Amino acid sequence: SAVISQKPSRDICQRGTSLTIQCQVDSQVTMMFWYRQQPGQSLTLIATANQGSEATYESGFVIDKFPISRPNLTFSTLTVSNMSPEDSSIYLCSARRDRAPDTQYFGPGTRLTVL
Amino acid sequence: KNEVEQSPQNLTAQEGEFITINCSYSVGISALHWLQQHPGGGIVSLFMLSSGKKKHGRLIATINIQEKHSSLHITASHPRDSAVYICAATPPGIQGAQKLVFGQGTRLTINP
């Protein structure tokens with residue numbers, strides 16, 4: 001299995017500010033994913049982050065609002081920019097091992113509250 | 001209609017009861033996942049299966065490809081099993097590049 005850690009685990013932020021969430025994987029992975037889970041909802045894919053290329057965003061998500069970095073094969077960051085209360089969600093990092101591409105591992109999540 | 005449907009949405013049971021959570025999907029799949037999400041938000045992958053049945057401790061997952069249906073069973077349920085259980089499908093495609101399709105989750109509460 002892969003171990004994924006996220007920082008911070010939770011935060012309370014003011015409207016208009018930005019927060020960067022860090023995701024660290026304990027082994028090298030090609031594909032990393034960022035999900036959002038709004039209260040009472042299932043997971044929604046924000047973007048796929050592959051090392052060495054620009055992140056691919058899903059419909060409804062844009063780079064200006066959710067810039068993503070993927071500097072190496074074990075690390076990624078997601079920034080939630082110019083936050084509003086509607087951004088209050090759990091943000092989850094996920095990854096697939098190259099040798100087991102059908103198995104997907106999830107991080108512990110970052111619980112964000114925007115006031 | 002969602003491509004992946006779970007039932008029930010909420011389930012409350014007494015400790016020791018046998019629990020069944022169902023998942024039906026309308027898409028073709030290469031694999032189906034059962035995930036567990038605890039109140040803190042973190043997600044644990046319980047099973048990934050493409051046919052038959054898998055067992056891990058008190059948890060059993062089955063899948064019927066022809067009927068496009070999977071079930072997650074918990075035997076001798078315990079309050080620590082209380083969580084949201086999520087079914088997710090991996091569509092066919094370039095291996096490793098497919099995007100998971102999630103069910104809406106089943107909130108399970110086991111009372112002592």
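The values are calculated or read from the model by the stated rules, or taken from the named source; none is laboratory data. Only a predicted model underlies this, so the values are computations on that prediction, with no experimental measurement involved. No Cβ is skipped: glycine too gets one built from the backbone with ideal geometry, and neighbour counts run over all protein chains shown. Heads up: the accessible areas ignore ligands, DNA and RNA and are worked out on the full protein's heavy atoms, side chains in. Shrake-Rupley method; radii C 1.70, N 1.55, O 1.52, S 1.80 Å.
Are there cysteines in the protein assembly as shown with no second cysteine's Cβ under 4.7 Å away, and if so, which?
Among the cysteines of the protein assembly as shown, those whose Cβ sits 4.7 Å or more from every other are A:Cys13.
With only Lys, Arg, Asp and Glu charged, each at its Cβ (+1 for the first two, -1 for the last two), find how big the charge dipole of the protein assembly as shown is about the Cα centre; round to the nearest 20 debye.
Charge dipole of the protein assembly as shown: 300 debye, to the nearest 20.
How about the stretch B:16-51: which of its residues lose at least 50 Å² of accessible area in the presence of all protein chains relative to their chain isolated, using a 1.4 Å probe?
By number: B:Ile43.
How much net charge surrounds A:Phe66 when only other residues with a Cβ under 14 Å from its Cβ are counted (Lys, Arg +1; Asp, Glu -1)?
Value of the local net charge: -2.
Which percent of the accessible area of the protein assembly as shown is formed by carbon and sulfur heavy atoms (probe 1.4 angstrom)?
49 percent
How much accessible surface does A:Glu86 have with a 1.4 Å probe, in Å² rounded to 10?
120 Å²
Treat every Asp and Glu Cβ in chain B as -1 and every Lys and Arg Cβ as +1, leave all other atoms uncharged, and give the resulting dipole magnitude about the Cα centre to the nearest 20 debye.
Rounded to the nearest 20 debye, it is 200 debye.
Report the residue, chosen from B:Pro79, B:Pro92, B:Pro39, that carries the largest GNM mean-square fluctuation when chain B is represented by alpha-carbon nodes joined by springs under 10 Å.
Taking springs between Cα atoms under 10 Å, the residue moving most is B:Pro39.
Per residue in the stretch B:66-96, which ones lose no less than 40 Å² of accessible surface when going from chain alone to all protein chains (1.4 Å probe)?
Buried on complex formation: B:Gln95, B:Gly96.
Return the value, in Å² to the nearest 100, of accessible area buried between chains A and B (probe 1.4 Å, both sides summed).
That pair of chains buries around 1600 Å² in total.
How much of the DSSP beta bridge set in the protein assembly as shown is antiparallel, as a percent to the nearest 5?
That works out to approximately 90 percent antiparallel.
Size of the dipole of chain A about the Cα centre, Lys and Arg at +1 and Asp and Glu at -1 on the beta carbon, nothing else charged, in debye to 20?
Rounded to the nearest 20 debye, it is 220 debye.
Find the centroid of the Cα atoms in the stretch A:20-59 and in the stretch B:33-94, then give the distance between the two in whole Å.
22 Å
Of the options B:Leu72, A:Leu115, A:Gln37, report the single residue whose Cα projects farthest towards the positive end of the charge dipole of the protein assembly as shown (beta-carbon charges: Lys, Arg +1; Asp, Glu -1).
B:Leu72
Among B:81-91, A:14-24, A:38-48, what's the highest-first ranking by average C-beta atoms within 10 angstrom per residue?
Most protected by this proxy first, the peptides run B:81-91, A:38-48, A:14-24.
Within the set B:Lys54/B:Lys99; B:Lys55/B:Lys99; A:Lys7/B:Lys99; B:Lys53/B:Lys99; A:Lys7/A:Lys65; A:Lys65/B:Lys54, which residue pairs have Cα atoms separated by over 29 Å?
Flagged as over cut-off: A:Lys65/B:Lys54.
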